[in-house]
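Notes follow the structure.
The values are calculated or read from the model by the stated rules, or taken from the named source; none is laboratory data. As the structure is a prediction and not an experimental result, all values here were calculated from the model. Ideal geometry is used to build each Cβ from the backbone, glycine not excepted, and the neighbour counts take in all protein chains shown. To get the accessible areas, we keep the full protein, side chains included, count just its heavy atoms, and leave off ligands, DNA and RNA. Shrake-Rupley method; radii C 1.70, N 1.55, O 1.52, S 1.80 Å.
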Amino acid sequence: RASAPPSPGRRAPAPRARGSRRPPARGPEGEVRDAASPGRGRARAARREARRTIVTRLERLLAGLDAGDRGGEGEVTLRNNRYVIPVRSGARGHVGGIVHDESASGATAFVEPPGVIELNNELRLREAAEQQEIQRVLRALTDAVRARPEPLRAAWELCGALDDLGPPPRHAPERSGS
């Protein structure tokens, strides 16, 4: 079926090749979706797995501490973008590792035990790899738009033309003040 030619002063929409439609690379909140590229999905899965490994190990360490050695709520938490466990300040030596923070009262230290330091390092590397893949996808999307500016330019002109028409009649009284 042939489409009608555009009316005078109007542009025809850009033709679309059949089957060339890909799922959107961006989600409703503007995030780059996992399906945007095979690398994006793999990078995100690797980051999630690394996080899960760290949290599981820290939960086991925390469960193995005496109740009196656990600090605060006794839950795995983040400090300085590192997963840590809360330990009573007096019991810090029983756990060892790096102290990343302290509670306001000073009673609890947030410690990264030696057994998870390398795991946290690996997580940071996976987060960086994920961000690099997101940047790669965004560059590719930008390059695709840059290579075919005419459809974007036509859409921009159409928006301007619609704006010049003013509000639809049902909104006219609201806009004119009468």
Query raised in the report: Near the amide H of Gly71, under 5 Å away, which other amide H atoms are found, from residues 5 or more places off or on another chain, if H is placed in the peptide plane?
Result: Val87, Arg88
Query - Backbone HN-Hα couplings from phi across region 144-157 [Karplus 6.51/-1.76/1.60, Hz, Gly and Pro as x] - result: 5, 5, 4, 6, 10, x, 4, x, 5, 4, 5, 5, 5, 5
Query - Peptides 51-58, 100-107 ordered by average Cβ neighbours within 10 Å, highest first - result: 51-58, 100-107
Requested in this report: Determine the order of Val87, Val76, Val99 by accessible area, beginning with the largest, at a probe radius of 1.4 Å.
Outcome: Val99, Val76, Val87
Query raised in the report: What ³J(HN,Hα) values, in whole Hz, does the Karplus curve 6.51 cos²θ - 1.76 cosθ + 1.60 give for region 124-138 when θ = phi - 60°, with x put for Gly and Pro?
Result: 4, 5, 5, 5, 5, 5, 5, 5, 4, 5, 4, 4, 5, 5, 5
Query raised in the report: For region 60-178, what class follows from the C-alpha gyration tensor (a ≥ b ≥ c being the square roots of its eigenvalues): rounded when a/c is under 1.5, otherwise prolate if a/b is larger than b/c, else oblate?
Result: oblate
Query raised in the report: Can you list residues whose amide H is under 5 Å from Ile98's amide H, if they're 5+ apart or on another chain and H is modeled 1.01 Å from N?
Result: Glu112
Query raised in the report: Per-residue HN-Hα couplings for region 98-103, Karplus 6.51 cos²θ - 1.76 cosθ + 1.60 at θ = phi - 60°, whole Hz, x for Gly and Pro?
Result: 9, 8, 9, 6, 9, 5
